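Okay, structure first, notes after.
The values are calculated or read from the model by the stated rules, or taken from the named source; none is laboratory data. The shown structure was predicted, so the numbers you read here are calculated from the model rather than taken from an experiment. Methodologically, a virtual Cβ is constructed for each residue, glycine included, from the backbone with ideal geometry; neighbour enumeration extends over all protein chains shown.
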C-alpha cells in the first residue's frame, strides 16, 4: 500500500492522522505488509514509521536526486533514518526536485501499489503534484484510494 497526503498539518491534526494510519496498517498481516512512501515530512513519514512499527517492509520512492535538500532541515534526520531502513529504493531518474519530479515520484509509487492511502481533505491541489493530483492519477490507473481525513479537520 502507498501513501500520499498533505504536509504542514497542525499538531492536533497530526495526532488524529497518526491514529487513523495505525488503524489502517494494523489491519494487515505484518509478514505481507509492504508500505511505499516518498518519506517527506508529514503523512509520508508517519505512514512509513507506522508500517515499520507494525513489522512491515518499507519501500521508498525518491522523486529527484535533489529531493532531500528540498525538505525542511528539521526533517532530514527522520528522512535519513527511514531511508536507511528501506528494503527497496526506487528512483525517477530526475535530478531537480520540482513539482513535476514530485508528481513523477508519486506516479512511480502508485504504479507499485495495490492500494493508495490519501490523507486528503478532498480539495484541489494547491500546486501541481499535490495530493489531489496523485489521487486522480491513482483513480485513472485503477488503483483503489482510501481517503483518511479527520472529521472537522482543516489544513
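What the table shows:
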| item | result |
| --- | --- |
| Only listed residue being in contact with a strand residue (DSSP E or B) (Cβ under 6 Å, 6 or more places away or on another chain) and either assigned to a strand (DSSP E or B) or surrounded by 14 or more Cβ atoms within 10 Å (Cβ to Cβ) (or both), chosen from 101, 132, 118, 125 | 118 |
| Yes/no for residue 152 being farther than 20 Å from residue 68 by Cα, more than 12 Å from the chain's Cα centre (by Cα) and surrounded by fewer than 19 Cβ atoms within 10 Å (Cβ to Cβ) | yes |
| Number of the exception - residue 111 against (1) under 25 Å from residue 27 (Cα atoms); (2) touching a strand residue (DSSP E or B) at 6+ places or on another chain (Cβ under 9 Å) | (2) |
| Residue among 51, 60 that is touching a helix residue (DSSP H, G or I) at 6+ places or on another chain (Cβ under 7 Å), within 24 Å of residue 149 (Cα to Cα) and assigned to a strand (DSSP E or B) | 60 |
| Pairs where the first residue, in region 69-96, is in a helix (DSSP H, G or I) and the second is surrounded by fewer than 17 Cβ atoms within 10 Å (Cβ to Cβ) and modelled with pLDDT of 95 or more, C-beta under 7 Å, 6+ apart | 76/68; 79/68 |
| Enumeration of residues in region 39-48 that are buried (at least 24 other Cβ atoms within 10 Å of the Cβ) and assigned to a loop (DSSP other than H, G, I, E, B) | 39, 40 |
| Test: residue in region 136-148 that is within 20 Å of residue 11 (Cα to Cα), in contact (Cβ under 8 Å) with a residue 60 or more places away in the chain and surrounded by 19 or more Cβ atoms within 10 Å (Cβ to Cβ) | yes |
| Among (1) closer than 18 Å to residue 111 by Cβ; (2) within 9 Å of the chain's Cα centre (by Cα) - the single one residue 42 does not satisfy | (1) |
